[in-house]
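Engineer: First the structure, which I've put down as structure tokens, then a few questions once you've had a look.
The values are calculated or read from the model by the stated rules, or taken from the named source; none is laboratory data. Just so you know, these numbers come straight off a predicted model, no measurement behind them. Cβ atoms come from the backbone with ideal geometry, glycine included; neighbour counts cover every protein chain shown. With ligands, DNA and RNA removed, areas are computed over all heavy atoms of the protein, side chains included. Shrake-Rupley method; radii C 1.70, N 1.55, O 1.52, S 1.80 Å.
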Amino acid sequence: MKQKRFDLAGFAGRYKLPLLLVLLAALAAVPFLGLSSYVVRVFCMVFTYSILTISLNFVTGYLGATSMGHASLYCVGAYVGALAATRAGCNIWVSLVLAVLVGCLAGGLLGVCTIKLSGSYMTVTTLAFAQVVTMVAKNWTSVTNGTLGIKDIPKARLLGAELTVRNGGMYFVGLGLLILCLLFSSMVIRSKYGRAFIAVRDDELGARMMGLKTRNYRLLGTVISGALAGLAGCYYAYLTGYIDPVTFSFDISMTILTMAILGGLASLPGSIAGAAILTVFPELLRSLDVYRYLFFGFILVIMMRLRPQGILGSVKAARYTLPKGVLRPAAAMEQGKEGT
Amino acid sequence: MALLDVRQITKTFGGLVAVDNLTFHVDEKQIVSIIGPNGAGKTTTFNMITGAYRLDGGEIYFDGQPIHTKSSQQIVKAGIARTFQNIRLFKSMRVIENVLIGCHIHTSYGFFDAVFRTPRFREAERRAHQRCVEILESLDLAQYMDEDAKNLPYGLQRKIEIARAIATDAKLLILDEPAAGMNPQESEALMDFIFSLRDAGYTILLIEHDMSLVMNISDYIYVCEFGKLIAEGTPDQVASDPRVIEAYLGKGGAYE
Ligand SMILES: Nc1ncnc2c1ncn2[C@@H]1O[C@H](COP(=O)(O)OP(=O)(O)OP(=O)(O)O)[C@@H](O)[C@H]1O
Ligand SMILES: [Mg+2]
């Protein structure tokens with residue numbers, strides 16, 4: 001007998017618009033609920049980490065190359081944003097654009113360094129890449145101000161008004177950037193580019209034998225990843241007003257990787273779920289002090305035991321959505337109507 | 001003129017000569033088989049034709065053009081597509097997505113078209129999907145389009161690999177042991193399927209160990225051993241060739 005299971009992705013697909021509207025309305029209301037600016041800041045960090053996790057997913061989730069140095073791309077974006085603001089007097093919007101552009105370059109560089117590598121070799125190279133970036137940030141004192149970091153990054157402004165965490169301005173900037181990033185990513189993923197990424201992940205040689213220029217796609221993946229991480233970094237620099245090399249340590253790389261795995265690799269909603277959980281939980285558990293890490297590790301182990309593919313990993317609608325104008329073949333009509 | 005013309009190709013791995021001065025050709029709209037014991041160099045030959053391996057000697061012409069100097073991408077574009085001895089479907093992708101990868105080289109739009117969902121993007125995607133649906137329907141695979149490739153039985157996976165190869169718009173399909181792991185009924189059905197491909201205008205080059213399949217299906221057969229061609233001819237000629245009998249059954253063996 002056929003077992004009837006709840007088709008989560010199918011359900012979300014069917015009620016996409018109302019679900020999205022409710023979610024957006026709820027998110028837009030948050031800054032007006034009279035929450036403390038501490039809580040609003042946690043939300044801002046959820047946005048930042050969501051973008052970072054999506055960014056990592058382009059390399060690790062879709063292309064299947066585990067990166068343990070993702071904080072390096074985040075770091076590049078943050079420094080570009082901070083320098084553009086403090087040295088060149090750019091506003092946040094120009095800084096964001098610059099951070100994305102330089103992020104593309106940094107991602108491209110990482111891509112070029114790793115293009116012929118796979119598996120652990122690739123992972124070790126990402127680690128080395130992160131080390132190099134940290135060294136540069138620490139030692140190129142004339143530009144980065146070394147270990148002292150960059151202080152007094154000016155507040156973001158829009159039409160003359162200061163955007164802060166307290167007045168909700170930075171909350172909306174973060175939310176806007178995340179939505180932008182989601183739209184962009186889902187367009188890329190739901191196109192021949194996304195298919196090519198997954199094909200390369202599943203079987204690179206097989207993909208090459210089908211005529212795909214697999215190296216170009218790997219490079220494209222790292223460039224996109226760099227761009228999005230750059231965006232997140234620049235936003236973070238404006239959010240906190242202060243950055244230093246230690247902010248972008250190995251811990252952050254591991255946090256982003258854990259978020260991606262917990263949420264479910266190669267899933268955009270999963271990226272947000274992973275980022276949200278791993279940002280909010282540590283805050284809630286602050287009273288437990290250092291024991292929270294114990295608790296945390298425990299949750300992760302249980303989670304990996306029960307659902308190794310992550311919370312929203314490998315959640316797929318029962319049916320593939322054909323583009324408009326293509327009729328579903330009669331033979332496939334029965335398939336997956338109610339989830340199989 | 002032969003569609004595929006393979007001239008004196010050689011491939012060595014270290015000291016091992018896997019393919020040794022091999023020459024053969026495939027005429028248009030024929031079914032040609034390469035047979036030979038394990039390790040004869042059959043798959044290596046396929047890997048050379050499709051650009052997975054560089055040649056250590058010799059030349060390969062397809063449709064009158066040299067292809068041994070080209071990349072795998074260019075060879076696929078020229079019209080050769082293959083399947084693999086150990087199935088290489090994209091496991092986590094659905095059947096239709098696998099076939100879409102076959103269409104990939106003909107799906108032409110740029111990155112910005114995809115991000116901004118331009119009319120060019122919509123039209124190209126619509127056309128690619130339409131074509132894949134048609135291919136799946138014509139091969140009786142449409143009912144599996146939503147399934148993940150890894151969840152299907154072996155025989156179906158082999159057919160989907162062929163569908164994916166067809167989606168590249170190839171003229172020449174090269175199939176590496178398509179009947180491997182199939183039961184007699186399945187391999188009989190596969191035979192009809194390959195005939196139908198030939199009737200639809202495809203040229204087929206195949207490696208196969210299933211002798212009843214090979215003998216019934218082939219227009220022409222090449223027999224290899226240790227990378228060398230030891231016999232060739234029609235199924236009847238090959239079946240009665242003493243060198244073939246020796247290669248398969250050992251000295252003094254008899255072919256029933
Ligand atoms: N990449 C490689 N590196 C080293 N040796 C190889 C490589 N590929 C194949 N060989 C060797 O070349 C010889 C021919 O192998 P090939 O796979 O072409 O045989 P085959 O005729 O396809 O055999 P089978 O019927 O078992 O598939 C074998 O001895 C094999 O071990
Ligand atoms: Mg073989």
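Engineer: Do you know which of the residues in segment B:108-149 that are touching a Phe, Trp or Tyr at 6+ places or on another chain (Cβ under 8 Å) and among the hydroxyl-bearing types (Ser, Thr, Tyr) is nearest to the other protein chains (Cβ to nearest Cβ)?
Structural biologist: Out of the qualifying residues, it is B:TYR109.
Engineer: Which of the residues belonging to segment A:195-222 are among the aromatic types (Phe, Trp, Tyr) and open to solvent by less than 10 Å² (accessible area, probe 1.4 Å)?
Structural biologist: A:PHE197
Engineer: Could you list, in sequence order, the residues of segment A:98-117 that are farther than 16 Å from A:MET68 by Cβ and either of a type in the set (Phe, Trp, Tyr) or not in a helix (DSSP H, G or I) (or both)?
Structural biologist: A:ILE115, A:LYS116
Engineer: Here's a follow-up. Please tell me if B:VAL95 is farther than 25 Å from A:ALA318 by Cα and not polar (S, T, N, Q).
Structural biologist: No: the conditions fail for B:VAL95.
Engineer: Let me ask something else about it. Give the residues of segment B:159-195 that are farther than 26 Å from B:ASP5 by Cα and small (Gly, Ala, Ser), sorted by residue number.
Structural biologist: The answer is B:ALA180, B:GLY181, B:SER187, B:ALA189.
Engineer: Now a separate question. How many of the residues making up segment A:285-315 are assigned to a loop (DSSP other than H, G, I, E, B) and open to solvent by 80 Å² or more (accessible area, probe 1.4 Å)?
Structural biologist: Going through segment A:285-315 one residue at a time, the tally reaches 4.
Engineer: What tally of residues in segment B:71-92 results from selecting those that are out of contact with any Phe, Trp or Tyr (no Cβ under 7 Å at 6 or more places or on another chain), facing chain A (nearest Cβ under 9 Å) and either farther than 21 Å from B:ASP176 by Cβ or not hydrophobic (A, V, I, L, M, F, W, C) (or both)?
Structural biologist: 8
Engineer: Same structure again: What is the number of the single condition among (1) away from ligand 1 (no atom under 16 Å from the Cβ); (2) under 29 Å from B:ARG127 (Cα atoms); (3) not charged (D, E, K, R) that B:LEU175 does not meet?
Structural biologist: Checking B:LEU175 against (1) away from ligand 1 (no atom under 16 Å from the Cβ); (2) under 29 Å from B:ARG127 (Cα atoms); (3) not charged (D, E, K, R), the one that fails is (1).
Engineer: Hey, another quick one. Could you please find all residues in segment B:208-246 being within 16 Å of ligand 2 (Cβ to nearest atom), open to solvent by 40 Å² or more (accessible area, probe 1.4 Å) and under 17 Å from the mean Cα position of the chain (by Cα)?
Structural biologist: B:HIS209, B:ASP210
Engineer: Considering segment A:169-188 alone, what residues qualify as being surrounded by 20 or more Cβ atoms within 10 Å (Cβ to Cβ) and out of contact with any Gly (no Cβ under 7 Å at 6 or more places or on another chain)?
Structural biologist: Of everything in segment A:169-188, those that are surrounded by 20 or more Cβ atoms within 10 Å (Cβ to Cβ) and out of contact with any Gly (no Cβ under 7 Å at 6 or more places or on another chain) turn out to be A:MET170, A:TYR171, A:VAL173, A:GLY174, A:LEU175, A:LEU177, A:LEU178, A:CYS181, A:SER185.
Engineer: All but one of (1) within 13 Å of ligand 1 (Cβ to nearest atom); (2) crowded, with 19+ Cβ neighbours inside 10 Å hold for B:LEU205; which doesn't?
Structural biologist: (1)
Engineer: Next up: For B:TYR154, only one of the following conditions fails: (1) of a type outside the set (D, E, K, R); (2) over 20 Å from the mean Cα position of the chain (by Cα); (3) away from every other protein chain (no Cβ under 12 Å). What is its number?
Structural biologist: It fails just one condition, (2).
Engineer: Which residues, counting only those in segment B:202-238, are outside any loop (DSSP other than H, G, I, E, B) and at positive phi?
Structural biologist: B:GLY233
Engineer: Can you list the strands (runs of 3 or more DSSP E) lying wholly within segment B:1-83 that have 2 or more residues being of a type outside the set (Val, Ile, Thr) and more than 16 Å from ligand 1 (Cβ to nearest atom)?
Structural biologist: Details: elements: B:4-13, B:16-26, B:31-35, B:57-62, B:80-82.
Because the criterion is at least 2 residues that are of a type outside the set (Val, Ile, Thr) and more than 16 Å from ligand 1 (Cβ to nearest atom), the strands (runs of 3 or more DSSP E) in segment B:1-83 that meet it are B:4-13, B:57-62.
Engineer: Could you count how many residues in segment B:144-182 are without any contact (Cβ under 8 Å) to a residue 24 or more places away in the chain and either closer than 14 Å to B:SER212 by Cβ or open to solvent by less than 60 Å² (accessible area, probe 1.4 Å) (or both)?
Structural biologist: 1
Yes or no, residue by residue, for (1) of a type in the set (Val, Ile, Thr); (2) touching a Gly at 6+ places or on another chain (Cβ under 7 Å); (3) outside any loop (DSSP other than H, G, I, E, B):
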position	(1), (2), (3)
A:LEU24	no, no, yes
A:LEU35	no, no, no
A:VAL39	yes, no, yes
A:PHE43	no, no, yes
A:PHE58	no, yes, yes
A:THR66	yes, no, no
A:LEU83	no, no, yes
A:GLY89	no, no, no
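Engineer: If you don't mind, there's one more thing I want to ask. Would you say B:GLU97 is among the acidic types (Asp, Glu), within 9 Å of another protein chain (Cβ to nearest Cβ) and not in a loop (DSSP other than H, G, I, E, B)? First the steps, then the outcome.
Structural biologist: Details: among the acidic types (Asp, Glu): yes; within 9 Å of another protein chain (Cβ to nearest Cβ): yes; not in a loop (DSSP other than H, G, I, E, B): yes.
So B:GLU97 fits the description; yes.
Engineer: What number goes with the only condition from (1) away from every other protein chain (no Cβ under 14 Å); (2) closer than 25 Å to A:THR114 by Cα; (3) free of Cβ contacts under 8 Å to residues at least 24 places away in the same chain that A:LYS213 does not pass?
Structural biologist: Only one criterion is unmet by A:LYS213, namely (1).
Engineer: List the helices (runs of 4 or more DSSP H) that sit entirely inside segment A:121-209 and contain at least 2 residues that are of a type in the set (Ser, Thr, Tyr). Break it down stepwise before answering.
Structural biologist: Numbers: elements: A:141-144, A:169-189, A:192-202, A:204-209.
Filter on segment A:121-209 gives A:141-144, A:169-189.
Engineer: Would you be able to say whether some residue in segment B:3-14 is away from ligand 2 (no atom under 14 Å from the Cβ), under 14 Å from the mean Cα position of the chain (by Cα) and small (Gly, Ala, Ser)?
Structural biologist: Within segment B:3-14, none of the residues are away from ligand 2 (no atom under 14 Å from the Cβ), under 14 Å from the mean Cα position of the chain (by Cα) and small (Gly, Ala, Ser).
Engineer: Given the criterion open to solvent by less than 10 Å² (accessible area, probe 1.4 Å) and either within 13 Å of ligand 2 (Cβ to nearest atom) or farther than 13 Å from B:VAL19 by Cβ (or both), identify the matching residue among B:GLY79, B:GLY51.
Structural biologist: Of the residues listed, the single one that is open to solvent by less than 10 Å² (accessible area, probe 1.4 Å) and either within 13 Å of ligand 2 (Cβ to nearest atom) or farther than 13 Å from B:VAL19 by Cβ (or both) is B:GLY79.
Engineer: Could I ask something else about it? Restricting segment B:28-47 to residues that are away from every other protein chain (no Cβ under 14 Å) and hydrophobic (A, V, I, L, M, F, W, C), which is nearest to ligand 2 (Cβ to nearest atom)?
Structural biologist: Per the criteria, the residue is B:ALA40.
Engineer: To continue, here is another question. Kindly indicate whether A:TYR236 is farther than 28 Å from A:CYS44 by Cβ and modelled with pLDDT of 90 or more.
Structural biologist: no
Engineer: Considering B:GLY57, B:GLY102, which residue is in the same structural domain as B:LYS150 (by TED's automatic domain parsing) and among the small types (Gly, Ala, Ser)? Spell out the reasoning first.
Structural biologist: Values: B:GLY57 fails: in the same structural domain as B:LYS150 (by TED's automatic domain parsing).
Only one candidate qualifies: B:GLY102.
Engineer: How many residues does segment A:223-258 hold that are of a type in the set (Gly, Ala, Ser) and open to solvent by 30 Å² or more (accessible area, probe 1.4 Å)?
Structural biologist: Adding up the residues that qualify gives 1.
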